[in-house]
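Worksheet: the structure to be examined is printed underneath.
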Amino acid sequence: MKPVAEEDERSTCVSLFSIAGHGGVGKTTLTQLVFDDESLDKCFKSKIWVCISFPFNAKKVMKDMIEYAAGSKLEVGGLGALLEALKKLVSSGKFLLVLDDAWDDDDLFAWGKLFASLRSGQRASKILLTTRKESVADMTSSALGGLISIQ
C-alpha cells in the first residue's frame, strides 16, 4: 500500500483504502474477513457493504448504503432526500463502508457526488474499495479530494 495523499488540517477525517488486483485473487474474500471481524463492531457504529454496479450509479449506491445500514428497504425519491439521509447516517458515528467490485472509472463527477456526501463522516471512519482496475483506485482517490487514500 502506498499513501496517495497526506492528511492535513483541511482534509476530512474519513480514510479510503483501495485493493486492486486481477479477478479471483481474493480481494473480496480478504475484505469480507476484515468486515466480519467482531472486534471492529466496537470501533464502528455502522458497517455497510455495497456491491457496485456497472455502470456506476451514485444514486443507487447511496440508496443501497442507507438500506444496508437501516436493514430495510427505503422509499426515498429524489437525490436531495438521499443525500440528506446519507449525511445523517455518516455523521451519527464512525462507519466502515465497503464498496465492492468497482469497475467504472468513466464518471469522476458521479463518484465525486457520492464521496461529497461522505465528507461529514466522523474521524476514523473508513472506506474500503475493491476493484480489478487500478484506474478505478486512482480515480476514486481523485474524486475524494481531501480524503486520505492508501492503495
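The values are calculated or read from the model by the stated rules, or taken from the named source; none is laboratory data. The model shown is predicted, which means the values in this text are computed figures rather than measured ones. Here Cβ is always computed from backbone atoms with ideal geometry, including for glycine, and neighbour counts include all displayed protein chains. Note: accessible area is taken over every heavy atom of the protein model, side chains too, but ligands, DNA and RNA are not part of it. Shrake-Rupley method; radii C 1.70, N 1.55, O 1.52, S 1.80 Å.
Can you tell which of L118, L99, L86, L40 is open to solvent by less than 70 Å² (accessible area, probe 1.4 Å), touching a Leu at 6+ places or on another chain (Cβ under 8 Å) and in contact (Cβ under 8 Å) with a residue 60 or more places away in the chain?
Working: L99 fails: in contact (Cβ under 8 Å) with a residue 60 or more places away in the chain; L86 fails: in contact (Cβ under 8 Å) with a residue 60 or more places away in the chain; L40 fails: in contact (Cβ under 8 Å) with a residue 60 or more places away in the chain.
On inspection, the qualifying residue turns out to be L118.
On the basis of being open to solvent by 60 Å² or more (accessible area, probe 1.4 Å), modelled with pLDDT under 95 and of a type in the set (A, V, I, L, M, F, W, C), does A20 make the cut? Don't jump to the end; show me each part of the working.
Values: open to solvent by 60 Å² or more (accessible area, probe 1.4 Å): no; modelled with pLDDT under 95: yes; of a type in the set (A, V, I, L, M, F, W, C): yes.
No; evaluated as a whole, the condition is false for this residue.
When only residues in the stretch 43-71 that are among the basic types (K, R) and surrounded by 15 or more Cβ atoms within 10 Å (Cβ to Cβ) count, which is farthest from the chain's Cα centre (by Cα)? Can you show your working first?
Initially, the stretch 43-71 is screened for residues among the basic types (K, R), giving 45, 47, 59-60, 63.
Still in the running and surrounded by 15 or more Cβ atoms within 10 Å (Cβ to Cβ): 45, 47, 59, 63.
Values: K45: 15, K47: 11, K59: 13, K63: 13 Å.
My answer is K45.
Hey, can you tell me all the residues within the stretch 90-120 that are under 14 Å from M62 (Cβ atoms) and not aliphatic (A, V, I, L, M)?
Those that are under 14 Å from M62 (Cβ atoms) and not aliphatic (A, V, I, L, M): F95, W111, G112, K113, F115, S117, R119, S120.
Of the residues D106, D138, only one is part of a helix (DSSP H, G or I), open to solvent by 20 Å² or more (accessible area, probe 1.4 Å) and over 21 Å from F35 (Cβ atoms); which? Steps first, please.
Numbers: D106 fails: part of a helix (DSSP H, G or I).
Of the residues listed, the single one that is part of a helix (DSSP H, G or I), open to solvent by 20 Å² or more (accessible area, probe 1.4 Å) and over 21 Å from F35 (Cβ atoms) is D138.
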